[in-house]
Every structure is written in structure tokens, then in C-alpha cells.
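First up is the structure itself, then whatever we jot down about it.
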Amino acid sequence: IEQKAKGESIPLGTIDKKLLNLIQTDFPLVSEPYRALGEKLGISGDDVMARIGELKARGLIRQISPVLDARRLGYRSTLVAMKVPQSQLDRAAQLFVEHPGVSHGYERNHQFNLWFTLAIPPAADIDAELQRLTDNIGVESVMALPATKLFKINTYFAMDEDGHSGNGGTHDDTALPQEAPLLDLERRVINELQQDLPLVSAPFAAMAARLGISESDLLDRCRSLLERGIIRRFGASLNHRQVGYTANAMTCWAVPPEMVDAAGKKLAALGEVSHCYERKTNPSWSYNLFAMIHAHDKETCRHIADKISQETGLGDYISLFSTREFK
């Protein structure tokens with residue numbers, strides 16, 4: 001469950017680097033995806049599966065699965081920050097680790113030291129859910145910081161000079177996604193897909209059989225869900241620290257409303273930025289523009305934030321580095 005944010009990256013060979021680039025951004029939704037990947041790399045499908053298995057064993061690949069857009073599925077989501085006494089931190093973290101609606105959770109170097117994302121069904125109430133989560137622990141303060149605009153969401157870690165820029169995922173339309181209509185079968189497909197893709201030559205065949213549809217129908221529906229933005233991407237999620245991106249800074253700016261769009265688009269254009277949102281503020285938190293900056297070291301993260309600040313004239317910002325990853 002818990003990983004220290006420190007840690008050395010693991011050396012990789014050329015083929016493994018190219019494989020990691022491919023399976024993050026261009027995972028083939030075909031009957032034999034590992035064979036298709038092998039054809040691009042000049043190796044066999046069996047070799048691809050063996051390499052992925054080894055990369056998982058070494059902790060570089062978390063899993064291969066769809067990344068879903070919670071809002072497209074009708075869920076409401078928010079970033080949550082808590083101020084928790086150090087003596088209660090592990091207990092508090094365990095509560096959200098066990099919560100099915102929490103997808104990410106970090107300890108960060110700030111008085112608000114526990115940060116996580118929470119998605120809940122439409123009928124649920126975020127404030128009531130946070131109250132339930134914090135009832136039995138000594139939380140000093142809690143705040144929900146829901147997004148109001150989306151500028152970028154694109155988690156990609158380039159392994160070498162052949163990797164993509166990482167600038168994909170930027171949004172010209174900054175409006176948040178809306179719920180998409182779904183057929184009952186599509187909901188069943190989404191439920192079936194939410195597992196680590198097996199390392200077998202035809203990994204979708206057993207899923208299709210359990211759903212009572214053909215493999216080609218399953219793959220067609222996967223592609224449709226991708227095209228409609230319900231699945232944001234299908235591919236590998238990496239442990240960014242293990243692949244060399246050891247620094248993770250959630251950098252937050254206090255930006256006047258009339259400057260938010262220009263600053264957000266500037267941040268979104270950076271390959272080092274994986275996520276960029278405008279979020280609601282409150283009396284305890286005046287920062288409204290959030291960017292996740294990933295780099296090989298903290299100094300690079302700070303340099304990027306400083307450069308943006310100088311170029312935009314926005315001097316009021318803070319960078320919160322993760323010190324522990326809980327989920």
C-alpha cells in the first residue's frame with residue numbers, strides 16, 4: 001500500500017524503454033495485442049509478455065487497464081486535502097486506501113499533509129462522505145477542491161528520446177466532461193475491463209466469453225468507449241519513481257480570473273505537466289490553478305515552476321512535493 005516517495009530508478013535496456021513508451025500511449029486493442037506490440041519492436045509476442053511480466057515484478061508497471069473518466073460515468077469527483085496530526089496520519093490514510101472511490105493518495109510537505117482524489121456516485125453527497133471518512137480520526141481540517149476547468153490530463157512518462165512529447169491531452173474546450181449515455185452492455189464491458197490485463201496471447205477472449213459476446217464485439221465496444229472519451233486511454237500505468245521521474249510536485253498558483261485561461265494553457269503545453277485544472281478556492285486555500293509537474297529531480301520541478309511564474313508574472317504560488325504514496 002505504502003511506498004516512500006524517494007527511491008532510485010531502475011536501469012532499462014533500449015527495447016524495454018521502447019516497450020514502455022508503446023504500452024502507455026499506443027496499446028493495441030486487437031485480439032493478440034502482445035504479438036502486435038512485438039511486431040513493432042521486432043520481437044515475439046511471447047518475448048513482449050515476458051518483458052512486461054518482468055517489468056511488473058520489478059515494480060515499473062502497475063497494471064495495464066483502461067483509465068476511465070469518472071464524470072463521463074456520472075460520478076462526481078474532487079480533490080481533497082486534510083490537515084492530519086502526524087500521529088493519526090497512517091490511520092487516516094488507511095481509511096481512504098480502503099475506500100473504493102479514492103484513486104490516488106499522497107502525503108505532501110505542507111500543513112495540509114494528506115491529499116487524495118475522491119469520486120462518488122451521483123446520488124451521494126461529497127460533504128457527507130468526507131464527514132463519514134473523518135468521524136473517527138483526529139482531522140484538524142478538511143477541504144474539498146473540485147475542478148471548475150480542465151486544461152490537461154495526460155499521464156505519460158517518456159523513457160528515451162524516441163518518446164512522445166507528453167503534450168497530448170490538452171483541452172481547447174476547458175469545460176468539464178459531462179455524463180455520457182451508456183447501454184447496459186457497455187456498463188458490463190467497463191466493469192469487466194477494470195482488471196489488470198492478463199499476460200496471455202489473447203487476453204480479451206475470456207472477458208468476451210464471460211460477457212456472452214464475441215471477442216470482436218468486445219474490442220469494437222472498447223474502441224467506441226475510447227472515441228467517446230468514456231475511456232480516456234487504455235494502456236499501462238507506470239510507477240513514475242521507478243522509471244526515473246522521482247520528483248512529483250503539485251504546484252498551485254493564485255491566478256486572477258481573467259488570467260486563468262492563458263496561464264492554464266501555457267502550463268498544459270509543457271510535457272512535464274500531466275494534469276492541469278482550475279479548482280474552487282475557500283478561506284483556507286487561495287490557490288486556484290493546479291498543475292502536476294513530474295521530473296527526474298525536485299530542482300527541475302522548481303525550475304519549471306519558477307520559469308512559468310516569471311513568464312506569466314504570477315508570483316503567488318506553492319509547490320507541494322509528495323513524501324509518501326499511499327494509493
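The values are calculated or read from the model by the stated rules, or taken from the named source; none is laboratory data. Quantities reported herein were computed from a predicted structural model and do not represent experimental measurements. Don't worry about glycine lacking a Cβ; one is built from the backbone with ideal geometry, like all the others, and counts go over all protein chains shown. Ligands, DNA and RNA are excluded from the accessible area calculation, which covers all protein heavy atoms including side chains. Shrake-Rupley method; radii C 1.70, N 1.55, O 1.52, S 1.80 Å.
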Can you list the HN-Hα couplings for the range 304-311, worked out from phi with the Karplus curve (6.51, -1.76, 1.60; θ = phi - 60°), rounded to whole Hz and with x for Gly and Pro? 4, 4, 4, 5, 4, 4, 5, 6
Give me P(r) over the range 1-156, computed from all C-alpha to C-alpha distances, binned every 10 Å, as integer percentages. 9, 30, 26, 23, 11, 1
Can you give the convex hull volume per residue for the Cα atoms of the chain, as a whole number of Å³? 139 Å³
With charges set only on the Cβ (+1 for Lys and Arg, -1 for Asp and Glu), what does the dipole of the range 148-307 come to about its Cα centre, in debye to the nearest 20? 420 debye
Signed unit charges on C-beta, dipole axis of the chain, positive-most listed residue Leu37, Ala93, Cys252: Ala93
Counting only residues 5 or more apart in sequence or on a different chain, those whose built amide H sits under 5 Å from that of Gly235 are Ser65, Val67
With contacts defined as alpha carbon pairs under 8 Å and 6 or more residues apart, what's the relative contact order of the chain in percent? 28 percent
Which entries in the list Lys83/Lys327; Lys149/Lys266; Lys18/Lys40; Lys152/Lys327; Lys18/Lys152 go over 20 Å, if you measure between the two C-alpha atoms of each? Lys152/Lys327; Lys18/Lys152
Can you give the convex hull volume of the alpha carbon atoms of the range 78-232 per residue, in Å³? 187 Å³
One can check that the equivalent ellipsoid of the range 15-76, built from the alpha-carbon gyration tensor with semi-axes equal to the square roots of five times its eigenvalues, has lengths in Å, largest first, of 25, 14, 9
Which order do peptides 262-268, 30-36, 51-57 fall in by mean Cβ count within 10 Å, highest first? 262-268, 30-36, 51-57
Of Gln63, Gln195, Gln242, the one that fluctuates the most in a GNM where the chain has Cα springs shorter than 10 Å: Gln195
So how many Å³ per residue does the convex hull of the Cα atoms of the range 234-327 work out to? 125 Å³
Starting from the exponent 0.38 and prefactor 2.2 Å, build the expected Rg for the range 211-255 from its residue count and divide its actual Cα Rg by it. 1.89
Nearest 10 degrees, 0 to 90: what angle lies between the long axis of helix 14-25 and the longest principal axis of the chain (Cα atoms)? 70 degrees
Taking only DSSP H segments of four or more residues, each worth -39500 (n - 2.57), what value at 222 nm results for the chain once the sum is divided by all its residues, to the nearest 500 deg cm²/dmol? -9500 deg cm²/dmol
Once amide hydrogens are built 1.01 Å from N within the peptide plane, the residues lying 5 or more places from Gly105 or on another chain with amide H under 5 Å from its amide H are Phe326, Lys327
Determine the order of Arg210, Arg72, Arg232 by accessible area, beginning with the largest, at a probe radius of 1.4 Å. Arg210, Arg232, Arg72
Which residue fluctuates the most in the chain, going by a Gaussian network model with Cα springs under 10 Å, if the choices are Leu219, Leu211, Leu20? Leu211
In the calculated pair distance distribution of the range 274-327, what percentage of Cα-Cα distances lie above 12 Å? 72 percent
Quick one: what are the phi-derived ³J(HN,Hα) couplings along the range 260-272, Karplus 6.51/-1.76/1.60 with θ = phi - 60°, whole Hz, x for glycine and proline? 4, 4, 5, 5, x, 5, 5, 5, 5, 6, 7, x, 6
